[in-house]
Amino acid sequence: MDSSSRAATHRGRGGITRSRAARLEELQKYLFILPALALFATFVLLPLGSALYFSFTTWDGLRTPEWVGTRNYARAFADTIHVRSYVNVGVYILGTLVVEVAFGLLMAVLLASDRLGFAFMRGLFFSPMVLSMVAAGILWKYVYDYRTGLLNEALRAGGLGDFAHPWLSDPGTAMAGVIVVSGWKYAGFFMIIFLAALRRIPTSLYEAAMLDGATALQRLWHVTLPLLRETTIIAVLLCVTGGFAAFDLFFTMTNGGPFNATEIPTTWIVKQAFDRHNMGYGAALTVIMTVVVGVVSLAYLLATRRRHAVEY
Amino acid sequence: MRVNRSLHPRRLVTVLSAVLLAIGAAVAQEPVEITITHTMTGGTHRVAFDEIIDAFHEEYPNIRVRQMPQDMEIYQDVGLISMLQSPNPPDIFFQWGGDLVRRDAELGFAADLSDALDEDGWGDTFLDAAWSESSGTMYDGRVYMIPYAFDVTTVLWYNVDMFEEHGLEEPETWGEFLDIVRTLREAGETPIILGNQQFWPLGNWAGHITARVVGMDLFDRALRLEEPFSQPAFEDAFERFAELAEANAFNRDLAGLGASESMTAFFQGAGAMHPIGSWLIPNALDTAPDDFRYGAFNTPEIPGGAGDPHSIIGLATGFQVSAETPHFDEAITFLRFFTNMENQVAWAESGRFSPVRGAMAAADIDEHNQQLAELFLDAEEMVPPPDTGYPVEVADIFYQGAALVAGGLASPTQGLAWIDEQLSLLQ
C-alpha cells in the first residue's frame, strides 16, 4: 500500500479516528505532567494537607493526635506573643526595605560605573552574600558582644565607653541589631539585581535628558527610577516574603529574645512545635502564617499589576 | 574423573556441613551490639564514661557498646523523640528524671526496670534518695530509670578571690546575700553573672526561691495548674527577684547571654557569683584558668518562707532502657557494670555526684563535689526543677515571668499576672 492509499484509508475512518487521536493527545498531556504532579503532591500538597490536619489537633509528637477543632486558632489570636511576632516581623521588613532594597539601589546607582576599582567595590559589597546566614549570625553575635565585642571595644578604645551597650540583650536595640546584619548580608544581593536592570536602560534616554538640560538628580528621578519600577516591585516582593521566612539569623543571634523583642512568627512556631512539643499549635501557627504571606503577596501584586508596565 | 569424585553427594554434604558450622560458629562469636544515646559530648565525665566502656568491652567481649552522643539541646528538642519513634530505637537512652521519665513510661518507650533491680539486691546498692518520688526515677510505683548522677541545678558559685578582695563571706540569710550584692555593686563589680537567653538558668533558681517561700505543696499545685500564681505567697516570692533587680544584681547582658558563655565569663572573673548547677565542676576542670578559685553556697535562708530553708533544687539523671530492645539482658549487664562500685568511684572522681551508696565517700573527689554532697545531706527537701518536674511549656512561662521581674521590666504583680495570662491559653 502506497502512502496515498494509506492516507485515504485514514481519512476513510472519519471523525471517530480523529476524536480518539484527540483523546490520546489529551491523555498524553496528563501523562507528561504526571511525574511533576506526583512530586508536587508528595512534597508540597501532602505536607500542606497534613499541616492543616494537625492544626486542628493537639499533638506532642509522641501521643496520638487528638482532634480539638478550632481551639488552636482561637489560642493563636489570643496569644499576645504570637500577635506581637507579626508586629515585630513588620518592623523587621520595614527595616530591611531600607537597609537592603533602598541601600542596595543606592549602591547600584553609585557603583554602576566601569571606572577602575568600581568592580572591586561591587565585589566587596556583594561578598557577605557568600556567607551562610548562620555563620553571619554567629559572627555578628561576637561583634555585638557586650564585654569583648568589636563594636563595644571600638567604642571603649575611642573614649566612648559610656556608649558601650548590651546591644542584643536590650529589648530596645536587639531588633535594630538584627536588621543591620540583614542589611549587611543582603544589600549586595539587591545591588546586583538593580545593577542588571540599570544596564538595560538605553543610554540614549540619558543623552536625551542631558540635551534637555536635566541635572544628575533629575535624570535619576525622571529616567532611572521610573525604569527600575518593575525591578523594584520584584525586589520589594522578595524582601517582604523573605522577611516573613526569616529564621536562621534570629535563631542564631537572639532566638526571639530578649523578652520576645525579636520574636517573629517563625521563631515562635519553632519554639511551640519543638521546644514545647506543641506540634498541633505549631501547625496552626504555620497555617496562619501561610495565609498571611499569601494574602500580603497577592495584595501587593494586585496593587502593582496595572502600574508596572513601562514601555521604552 | 577427579571432577566426578569431588562432586560425590556424600563429600558435598560434608563440605556444606563444615561451611555451615563455620558460619554458625562465626555468628555465635559475633558480639551483640547495644546502642546508647546521651548528651555527653565532652568534658571529664565523657572521658570517664569512655574508659568505663573500654573496661566493659574487656570484661564482656561478646557485647559491644556503641555510643550515639548528641548536643544537649538537639537531644532535648527533637533528637530523642525522633529516635524513640524510629523502627530501631536506641537500647539505652539518657533522660532527666521527673516528667520525662513519667512520659516515657506512660507511652511505653521505656522498660520497667523494677524486677532487674530486685535481682541480687542491685537496687539496694543505690542511695535511698534514688528511689524517692522527688528523684523522678519512678512511675506508678515502678522504676523506669537507673540514675547515674544527682545534679544540683542551682547553687551560688562564687569567685573566692573577689570575695576575699571585698572582705565578703558566704551568706546565711537572704538579707546578708543582698548586702553582698550591694557591696559588690558599689565596688564596681558585677555581683551576679548569668546568661538567661533561654530562661532556664535564672528560671531554675527562681523555682528554688519560689518553692522556699511558698512551700513545696503550693509550688507543686501551681505548676500543675491547680492554683493561680497571682496570690500573696507568690508575690512574696517574686518580691525577692524585684529586690535583685533593684540592687542591680545582674550583668547588663543577662537577657541575651547564653548559659555556657556566662559560665566562661564567670571563670574569667567577669562577675562575682554565678547561680548554676553542679555541672560547673567538670567544666571548671576543663576550661577555667588554673589559678581560678571558687566556692559554692546554697540559696540562703529566706525568713518567713513556708518551704524547707535548706532545700536544694535538683534532680536525678540517668539511663532508661528501651521497651522494644531485643537486647534487654545485655543492656542490664552494661548498666550493672556501669553502676558497680569501682566504676562509680571513677565516675564520681570525674565530677559527677554518684547515686551509688558509698561511691562519693570512697572517691577522691575535690572540695567542690564534697561541698555539694554536704548540701544534699543537709537538705530535707529536693525541689524538682520546673522544666523537668513539670510540663515544659508551663515551666517556660514561669521562667519568663520570673525573668521579667528580675530584669526590672515588670513588678511582681505584673509578672505573676503575665504568667497566669499565658497559662490560661494552655487550658
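Quick notes on this one:
A quick yes/no check of all residues on (1) crowded, with 20+ Cβ neighbours inside 10 Å; (2) on the phi < 0 side of the Ramachandran plot; (3) in contact with a helix residue (DSSP H, G or I) (Cβ under 8 Å, 6 or more places away or on another chain):
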site: A:SER127; (1), (2), (3): no, yes, yes
site: A:ALA135; (1), (2), (3): no, yes, no
site: A:ALA164; (1), (2), (3): no, yes, yes
site: A:PHE194; (1), (2), (3): yes, yes, yes
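- Comparison of B:ASN298, B:ASN369 shows that the only residue that is within 20 Å of the chain's Cα centre (by Cα) and not assigned by TED's automatic domain parsing to the domain that holds B:LEU113 is B:ASN298.
- Residues that are surrounded by fewer than 24 Cβ atoms within 10 Å (Cβ to Cβ) and assigned to a loop (DSSP other than H, G, I, E, B) were ranked within segment B:384-401; the one that is farthest from the other protein chains (Cβ to nearest Cβ) is B:TYR390.
- Of the residues making up segment A:171-192, just one is under 17 Å from B:ASN196 (Cα atoms) and either among the hydrophobic types (A, V, I, L, M, F, W, C) or crowded, with 20+ Cβ neighbours inside 10 Å (or both), namely A:ALA174.
- Residue within segment B:365-383 that is surrounded by 23 or more Cβ atoms within 10 Å (Cβ to Cβ), under 26 Å from B:ALA249 (Cβ atoms) and within 14 Å of chain A (Cβ to nearest Cβ) present: no
- Put simply, of A:THR215, A:THR290, A:THR203 the only residue that is surrounded by fewer than 16 Cβ atoms within 10 Å (Cβ to Cβ) and at pLDDT below 90 is A:THR203.
- Just so you know, in segment A:257-286 the residues that are farther than 14 Å from A:MET175 by Cα and polar (S, T, N, Q) include one that is nearest to the other protein chains (Cβ to nearest Cβ), and it is A:ASN278.
- For segment A:235-251, a residue qualifies if it is within 14 Å of chain B (Cβ to nearest Cβ) and surrounded by fewer than 20 Cβ atoms within 10 Å (Cβ to Cβ), and exactly one does: A:PHE251.
- Look at segment A:63-86: where a residue is aromatic (Phe, Trp, Tyr) and a partner is part of a helix (DSSP H, G or I), sitting 6+ places away or on another chain with Cβ atoms under 6 Å, you get A:TYR73/A:ALA284.
- For segment B:210-239, the candidate set comprises residues that are more than 26 Å from the chain's Cα centre (by Cα) and of a type in the set (D, E, K, R); within that set, the residue that is farthest from B:TRP174 (Cα to Cα) is B:GLU226.
- Breaking point among (1) surrounded by 22 or more Cβ atoms within 10 Å (Cβ to Cβ); (2) part of a loop (DSSP other than H, G, I, E, B); (3) under 19 Å from the mean Cα position of the chain (by Cα), for B:ALA255: (3)
- Sole residue being assigned to a loop (DSSP other than H, G, I, E, B), buried (at least 16 other Cβ atoms within 10 Å of the Cβ), at pLDDT 95 or above and away from chain A (no Cβ under 13 Å), chosen from B:SER278, B:SER230: B:SER230
- Segment A:201-221, subset touching a residue at least 12 places away in the same chain (Cβ under 8 Å) and assigned to a helix (DSSP H, G or I), residue nearest to A:THR304 (Cα to Cα): A:LEU220
- Filtered residue count, segment B:112-168, keeping only those that are under 23 Å from the mean Cα position of the chain (by Cα) and buried (at least 19 other Cβ atoms within 10 Å of the Cβ): 26
- Only one of B:LEU404, B:LEU375, B:LEU409 that is farther than 30 Å from A:THR57 by Cα, at pLDDT below 95 and part of a helix (DSSP H, G or I): B:LEU375
- Each residue in segment A:51-67 was checked for being within 14 Å of chain B (Cβ to nearest Cβ), assigned to a loop (DSSP other than H, G, I, E, B) and in contact with a helix residue (DSSP H, G or I) (Cβ under 7 Å, 6 or more places away or on another chain), and 5 of them qualify.
Here's the yes/no breakdown for (1) touching a strand residue (DSSP E or B) at 6+ places or on another chain (Cβ under 9 Å); (2) closer than 26 Å to B:PHE398 by Cβ; (3) part of a strand (DSSP E or B):
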| position | (1), (2), (3) |
| --- | --- |
| B:SER134 | yes, yes, no |
| B:ASP151 | yes, yes, yes |
| B:TRP157 | yes, yes, yes |
| B:GLU170 | yes, no, no |
| B:GLY188 | no, no, no |
| B:ASN204 | yes, yes, no |
| B:VAL213 | no, yes, no |
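- Whether a residue is within 19 Å of B:PRO300 (Cβ to Cβ) and not hydrophobic (A, V, I, L, M, F, W, C) was assessed, and B:ARG212 passes this test.
- Just one of the listed residues (A:THR232, A:THR254, A:THR304, A:THR224) is within 14 Å of chain B (Cβ to nearest Cβ), touching a residue at least 40 places away in the same chain (Cβ under 8 Å) and β-branched (Val, Ile, Thr), and it is A:THR254.
- Hits in segment B:71-128 - residues which are more than 14 Å from chain A (Cβ to nearest Cβ), of a type in the set (Gly, Ala, Ser) and part of a loop (DSSP other than H, G, I, E, B): B:GLY97, B:GLY98, B:ALA111
- Top-ranked residue of segment A:138-148 - restricted to ones that are buried (at least 21 other Cβ atoms within 10 Å of the Cβ) and at the interface with another protein chain (Cβ under 10 Å from one of its Cβ atoms), ranked as nearest to B:THR190 (Cα to Cα): A:TYR146
- Members of segment A:54-77 that are among the small types (Gly, Ala, Ser) and either over 30 Å from the mean Cα position of the chain (by Cα) or over 24 Å from B:LEU100 (Cα atoms) (or both): A:SER55, A:GLY69, A:ALA74, A:ALA76
- Qualifying residue in segment B:40-57 (condition: loosely packed, with under 13 Cβ neighbours inside 10 Å, within 22 Å of B:GLY258 (Cα to Cα) and not aromatic (Phe, Trp, Tyr)): yes
- Taken over segment B:242-251, the residue count meeting the criterion of being within 14 Å of chain A (Cβ to nearest Cβ) and either assigned to a helix (DSSP H, G or I) or free of Cβ contacts under 8 Å to residues at least 12 places away in the same chain (or both) is 1.
- Among (1) in contact with a strand residue (DSSP E or B) (Cβ under 6 Å, 6 or more places away or on another chain); (2) part of a helix (DSSP H, G or I); (3) over 25 Å from B:PRO326 (Cβ atoms); (4) not small (Gly, Ala, Ser) - the single one B:ILE53 does not satisfy: (3)
- Every residue from segment A:153-190 that is at the interface with chain B (Cβ under 10 Å from one of its Cβ atoms) and outside any loop (DSSP other than H, G, I, E, B): A:ALA174, A:GLY177
- Of residues in segment B:258-267 being more than 8 Å from chain A (Cβ to nearest Cβ) and assigned to a helix (DSSP H, G or I), the one farthest from B:GLY195 (Cα to Cα): B:PHE267
The values are calculated or read from the model by the stated rules, or taken from the named source; none is laboratory data. Everything quoted here is computed from the prediction, not taken from an experiment. Backbone-built Cβ (ideal geometry, glycine too); neighbour counts: all protein chains shown.
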